[in-house]
Each structure stands twice: as structure tokens, then as C-alpha cells.
Amino acid sequence: MSTRWEIVRRLARKRLAAQGAPNFALRDLDNAPEFILAGIPENTLLTCAESLVALTAQGLTEEQAFERIEEHRSSFVPGGELPRPLTLANYARYRMALEGSMPLLPLTEEYLEEAAQEVISLARAAYRG
């Protein structure tokens, strides 16, 4: 099983490579400390996925889980109206914009949807143990 930071790096590497990032940027990503990785979009997406999986496993609906996640995250960075449709990709994009973790190059819809599906699958597998 990959560690959190390996997953974050792998997803970010995929995004950067697709956006034509130079090789030095990819090397920098490979050597980035955890506190830097904590602030990039892929970590936000993974954190939201982990929370969503844990809360739905406790019996909450996805809607209730997103509301609970929003309540918690809003205690650090106030939010607004939840995005509709309320999906992991849409919620993560909304929080990234509020929390300032949007990358310099925009995240494509396709990348964000694919990454959301991947992290939710990984989070479910990890939660099941």
C-alpha cells in the first residue's frame, strides 16, 4: 500500500506531466517535504476522500458527510454555499479555491474527475483494511 505522500506525489506528477511541466519541476516534486505537499490540490482531494469514506462508513449519507466535512473545514477557512452537484471533485475544487490550494495552472475537469475516482477507491480500500 502506498503512503499518503506517495499517492499525493504520484497524482501531482501525473497532473504536472500532462500540463507539460519541465523535468526540474517533477524532480522538485519528488523531493518536496511533506509540509509543501500538504498544500497542493492532490492532498486536499485525498483528505476529503478519506473523510467522506470514513463518515459514510459510519452511516451518514454522502450529503450529510459533505456537510460534516464542510462544518469542520469551515472552522479553519469559512466557506459558502456547497457546490451542486455535490461530488468529491466539485467539493474539493470549491475548498481548494477557498483555502488557496489551487495550482498556478488550472486543474482540468477530466483530471479532477479521474483523480477523485482514484482517491475515493484508495480511501475505500484503506478503510476496509
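List of remarks:
- Restricting 110, 70, 42 to those that are modelled with pLDDT of 90 or more and surrounded by fewer than 15 Cβ atoms within 10 Å (Cβ to Cβ) reduces the list to 110.
- Test: residue in segment 58-74 that is without any contact (Cβ under 8 Å) to a residue 12 or more places away in the chain and within 20 Å of residue 108 (Cα to Cα): no
- Restricting segment 40-63 to residues that are assigned to a helix (DSSP H, G or I) and polar (S, T, N, Q), the residue that is farthest from residue 97 (Cα to Cα): 56
- Within segment 16-39, the residues that satisfy the criterion of being in a helix (DSSP H, G or I), in contact (Cβ under 8 Å) with a residue 12 or more places away in the chain and either loosely packed, with under 13 Cβ neighbours inside 10 Å or touching a Leu at 6+ places or on another chain (Cβ under 7 Å) (or both) are 16, 18, 26, 29, 30, 34.
- Residue identified as under 15 Å from the mean Cα position of the chain (by Cα), hydrophobic (A, V, I, L, M, F, W, C) and not in a helix (DSSP H, G or I) among 107, 112: 107
- Among the residues of segment 78-88, just one is at pLDDT below 95 and either part of a helix (DSSP H, G or I) or in contact with an Asp or Glu (Cβ under 6 Å, 6 or more places away or on another chain) (or both), namely 79.
The values are calculated or read from the model by the stated rules, or taken from the named source; none is laboratory data. Bear in mind that the values here come from a model prediction, so they are computed numbers and not experimental data. A quick note on method: Cβ atoms are made from the backbone with ideal geometry, for glycine too, and the neighbour counts reach across all protein chains shown.
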